1. Which one of these does A:ILE277 not meet: (1) assigned to a helix (DSSP H, G or I); (2) within 7 Å of chain B (Cβ to nearest Cβ)?
2. Regarding A:VAL242, is this residue buried (at least 17 other Cβ atoms within 10 Å of the Cβ), of a type in the set (A, V, I, L, M), within 12 Å of chain B (Cβ to nearest Cβ) and touching a helix residue (DSSP H, G or I) at 6+ places or on another chain (Cβ under 9 Å)?
3. Which one of these does A:LEU263 not meet: (1) under 30 Å from B:ARG290 (Cβ atoms); (2) among the aliphatic types (A, V, I, L, M); (3) at pLDDT below 90?
4. Do any residues in the stretch A:143-157 that are under 18 Å from B:PRO272 (Cα atoms) have Cβ atoms under 8 Å from those of residues that are among the hydrophobic types (A, V, I, L, M, F, W, C) and outside any helix (DSSP H, G or I), where the two are at least six apart or on different chains, and which pairs are they?
5. Are any of the residues in the stretch B:235-248 facing another protein chain (nearest Cβ under 7 Å), within 17 Å of B:SER49 (Cβ to Cβ) and in contact with a helix residue (DSSP H, G or I) (Cβ under 6 Å, 6 or more places away or on another chain)?
6. Based on this model, can you work out whether A:LYS264 counts as out of contact with any Pro (no Cβ under 9 Å at 6 or more places or on another chain) and not aromatic (Phe, Trp, Tyr)?
7. For the subset of the stretch A:222-236 comprising residues that are at the interface with chain B (Cβ under 8 Å from one of its Cβ atoms) and among the hydroxyl-bearing types (Ser, Thr, Tyr), which member is farthest from A:GLY62 (Cα to Cα)?
8. Check B:ARG90, B:ARG64, B:ARG86 and return the single one that is among the charged types (D, E, K, R), surrounded by 15 or more Cβ atoms within 10 Å (Cβ to Cβ) and under 22 Å from B:TYR15 (Cβ atoms).
Amino acid sequence: METVLEARDLKKYYRMSQSFFDRMLGREEKYVKAVDGVNFEIPRKNAMAVVGESGCGKTTLGKVVMRLLDATAGELIMEGQDVTNISRSGELKAYRRTTQMIFQDPFASMDPRFTAYNTLEEPMDIHDIGNSYEERKEIVMEALEEVQLTPAEEFIDRYPHMLSGGQKQRVAIARALILNPDFIVADEPTSMLDVSVRAELLNLMKDLMAEEDLTYLYITHDISTSRFFSDSISIMYLGKFVEKGEVGTVLDKPLHPYTQALLKAVPEPKPEMVEVIKELPIKGEVPDAVNLPSGCRFHPRCPYSQEVCEKEEPELREVEGRKVACHFAGDVP
Amino acid sequence: MSDPVLEVKDLTTHYFTNKGEVQALDDANFSLARGESMGVAGESGCGKSTMAFSLINQVQPPGRIVDGEISIDGIDAVSLSETEIRKQVRWKRISMVFQGAMDILTPVYTIGHQMKEPLHYHQGVKGKEAREKCEKYLGEVGLDREIFTRYPHELSGGQKQRVIIATSLLLEPNVLIADEPTTSLDVVVEAQIMNLLKRLKKELGISMIFITHDLSILSEVSNKLSIMYAGKFAELGGAEKIYNNPKHPYTEKLLASIPRLHKDVKRLERIPGAPPNLVDPPSGCRFHPRCPYAKKKCKEEEPEIREVEGRKVACHFAGQVT
């Protein structure tokens, strides 16, 4: 299958601010390794889900892919072209026509003084699409119909406060689609919405994938939606992928202890569990990303941790049809 | 089952806005026994939070409890004056963990300072005694005692949520209302908080009301379940019965819209349309414009809530269509 986006050893470090004394004393600079050497390929018309807890670097990864942030190291290849360092405004502008983003919070990502028409017209203005008002209006109407905001005449002049959360997110999707991109980064597009609206939007995004030849990077903390929406899944922990593979393979038999713990924590509609206190195999919360644990980053929270885990960092390797970064993948239950 | 701790009869709360009377909660009836938990589910704007605020009698104007009775430990909480409610009911007998509770901690005071406040106000407990009590409850929710001297910005989201839960337990209430206690938390932390609430319910015998739109979380913590739609109960009964065999079309659709972890699905079930405007709710059954089984009768006649197969359902055709 044809690869749309490829990332090779992608890194994004944030430098911590240093005090005057630290600088005078020549102390070592500290970095937050938000994304620390990530590799992936996404084939056309596929969706890859990136799942992890908050602070694991998944949103940073999305922003680096969007080129809203510059990568510290590594390569980002979109449709065969290296886009890691394009910076001349023309190149970056062209890149934005192919790659668009849907943000998490539709309540915050829209200008309250813009009607749906204004919101959708702005990208056309920037990219010189459509010459007259009539032409642009037609494109906007089409886009609104595409995201099932029908009849479009009724929605075109509405301000964000006149739309429900689900409708706002539909306008946000229309805004991302109006330039006919090939690739979409969706950063938790449904986490602010109700369950029934969430289902509707995920259905819509999936339909658009087939109709518009879209490829998605789907960032979420909700693993159960990734089962429905995406083809492949990558579990991220402190800036690294710890397990990646086909959605079914990974979720039906997770091999990394972190994936196992995440899956155990997901609530499933099972009323017979009411009186049972769930056993959670991991303790505590994600450690500080500045002082990363030695060896395997997960070892302080891992129930199977051994001596080697403290010393050596495991590489991603092929085990049972997926890639896992664990010394004992396949050996522990 | 033992005597109910909380009994609610015909509770009705409306908001009197410029655009008209918003019928946010209509004729809610239920009771809760000691150590029992009830989950309340529904889409946003269905009246879940209004019900919670009505139960602690703290509906913000222009809202007001129009009708009904709330009896907590035999005390009628609706007819009491605000001062009496503060003295006798709120936080003492029934307390609440608010939605987005982590954001209600003031950044300029230590956790301890904020936790001690209700103790001082309600029981006149101060100083060392208050500190000991706070630390005891911090331990109860699985936090370190030294959190007492920390500031909110030093804590993670999960820790803050635990502090709020500990504070709500300080006056030893019989009923705890948790309004979306885990939204905005990660799955692992969410599971930890849910475990904590389950443990408190078991060990301290507190009755709980969980409010959320996420049915999958509710299934893990509630004995009873009530599904709300447009300010009314659509279905009410034992959690197991409702999960395994929903009788109201709305419940059925809501359950089907949850993406499952271990099942491949081609399409998620959705409920077409949006919840109605409660200033002018639809005639007859409030769900009929979105109901796939709606018939003429549903448009004309409002269904009474009635017993069907061991639970209460407000649908004319419950048991026939679902």
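1. (1)
2. So A:VAL242 fails the test.
3. For A:LEU263, the failing item is (1).
4. A:PHE155/A:LEU149; A:PHE155/A:LEU163
5. no
6. No.
7. Per the stated criteria, the residue is A:SER224.
8. After applying the criteria, what remains is B:ARG90.
The values are calculated or read from the model by the stated rules, or taken from the named source; none is laboratory data. Computed from a predicted structure; not experimentally measured. Ideal geometry is used to build each Cβ from the backbone, glycine not excepted, and the neighbour counts take in all protein chains shown.
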